[in-house]
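Input: a single structure, listed below in C-alpha cells.
The values are calculated or read from the model by the stated rules, or taken from the named source; none is laboratory data. Quick caveat, the model's predicted, so the values are computed rather than measured. All Cβ positions, glycine included, derive from the backbone under ideal geometry; neighbour counts span all protein chains shown. Areas reflect the complete protein model, heavy atoms only, side chains present, ligands, DNA and RNA absent. Shrake-Rupley method; radii C 1.70, N 1.55, O 1.52, S 1.80 Å.
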Amino acid sequence: MPHSLELNDGSALPALGFGLYKVPPAETADVVAAGLAAGYRLIDGAELYGNERELGEALRRADASGLDRATLTVTSKFWGEASQEPAAVRAAFDASERALGRIDVYMIHWPRPARDRYVDVWRTLVELQAEGRVRTIGVSNFTEEHLRRISGETGATPAINQVESHPWLPQRELRRAHEELGIVTQAWSPLGRSRVLDDPAIARIAAAHGVTPAQAIIRWHLQTGGALVPKSTHPHRLQENLDVDGFSLDDADMAAIAALETGERTGTHPDDRN
Ligand code: A2P
C-alpha cells in the first residue's frame, strides 16, 4: 500500500503524519523527537496550536543531529481570526516561517464563510507559492462549495483539504468531490479524539486482526485512500500508530466500518466558525 500520496503540484505527501493540536508547548519538543525517532516524516502544526516555536526548536535540534530537514514535511495554517486581509495573511505566514525555519505546506485553517473573505486569503496563498516561499498550499475545513468557489475564481485548486474524518464521519461525498477535483483528503481527529476507539465494532475488527483499535482505524483511513494526522503525546502510541503494515482490512471489515457512519462530529462544522 502506498504510504505517500501524489499532490496536484507534483510533490509527494506522506499519508500518515502526526498532529500537534493540543500538545502543550512544554511537551512539544519531546513529542516531536519521539515522532521523528518512530519514523514519521510529516508533522501537522498550526499557528493556533501555540507550539510552533517549540516545534521549530525541535526541528533545528533534529537537523543538527543529522536528520535531513529536506525529508520532512511540516505544515502550518493561517488562523485569521483577527483579520482576513492579505497583509494579515503575509504577517502570519512570516511569523510561522520565522518559528519553523521553513514551511512546506501552508493551509487556510478555516474558511470563516460568514466573513466571505476566503477567496482573497486563498489568492495570497497562491502568491506565496508563486514567490517560492512554500511548496504546497491547501485548505482545511472547506466544504465542496468553498472548494469549487476558490478553484473557479482563482484557477488554483488546493492540493489538500484537511477535514474532520473518522469512521463516524467518513465524509464520503466530500471525498468524492476531492477525487473529482484532484484534492487529497487529510483527516484531522482521525480517531474521533479517541472516542471512536471505544466503538464495539472497531474493537471486534481490531481483535480479529490482533491489532489495537487505533491501528484498525488508521488502516481504514489508509485503505480509503486518504491521509491522516493522529495526535498522541505518548511515544509508545506514536509508534503503535505507525505500525499498520502487518495486516489489512478485508471487504467485510471495510463494510462493517462503513456501517458506523453517524455523522457525529467531535469539532465545529465549517459553516459555524467565523
Ligand atoms: P494521548 O495524546 O494521551 O496519547 P485524534 O487524533 O482523533 O484527535 O485522537 C487523539 C486522541 O487519541 C488523544 O486523546 C490521544 O491521547 C488518543 N490516542 C492517540 N493514539 C492512541 C492510541 N494508539 N491508543 C489510544 N489512544 C490514542
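Sort out which residues of segment 75-106 are of a type in the set (A, V, I, L, M) and either open to solvent by 10 Å² or more (accessible area, probe 1.4 Å) or out of contact with any Ser or Thr (no Cβ under 8 Å at 6 or more places or on another chain) (or both), and write them in order of number.
Within segment 75-106, Ala82, Ala87, Ala88, Ala91, Ala92, Ala95, Ala99 meet the criteria.
Output the residues belonging to segment 1-24 that are open to solvent by less than 60 Å² (accessible area, probe 1.4 Å), within 16 Å of the ligand (Cβ to nearest atom) and over 19 Å from Glu240 (Cα atoms).
Passing the criteria: only Pro24.
Mind listing just one residue for me: the one in segment 182-197 that is buried (at least 22 other Cβ atoms within 10 Å of the Cβ) and among the aliphatic types (A, V, I, L, M) and, of those, nearest to the ligand (Cβ to nearest atom)?
So the residue we want is Leu191.
Would you be able to say whether some residue in segment 20-28 is in contact with a Phe, Trp or Tyr (Cβ under 8 Å, 6 or more places away or on another chain) and assigned to a helix (DSSP H, G or I)?
no
Identify, please: which residue in segment 198-228 is free of Cβ contacts under 8 Å to residues at least 24 places away in the same chain, touching a helix residue (DSSP H, G or I) at 6+ places or on another chain (Cβ under 6 Å) and within 12 Å of Ala256 (Cβ to Cβ) and is, among those, surrounded by the most Cβ atoms within 10 Å (Cβ to Cβ)?
Of everything passing the filter in segment 198-228, Ala206 is surrounded by the most Cβ atoms within 10 Å (Cβ to Cβ).
For segment 38-74: of the residues being assigned to a helix (DSSP H, G or I) and touching a residue at least 60 places away in the same chain (Cβ under 8 Å), which is least open to solvent (accessible area, probe 1.4 Å)?
Ala38
Looking only at residues in segment 244-264 that are within 21 Å of the chain's Cα centre (by Cα) and surrounded by fewer than 16 Cβ atoms within 10 Å (Cβ to Cβ), which one is farthest from His178 (Cα to Cα)?
That would be Asp245.
From the set of residues in segment 198-234 that are charged (D, E, K, R) and outside any helix (DSSP H, G or I), which is farthest from the ligand (Cβ to nearest atom)?
Going through the qualifying residues, I end up with Asp199.
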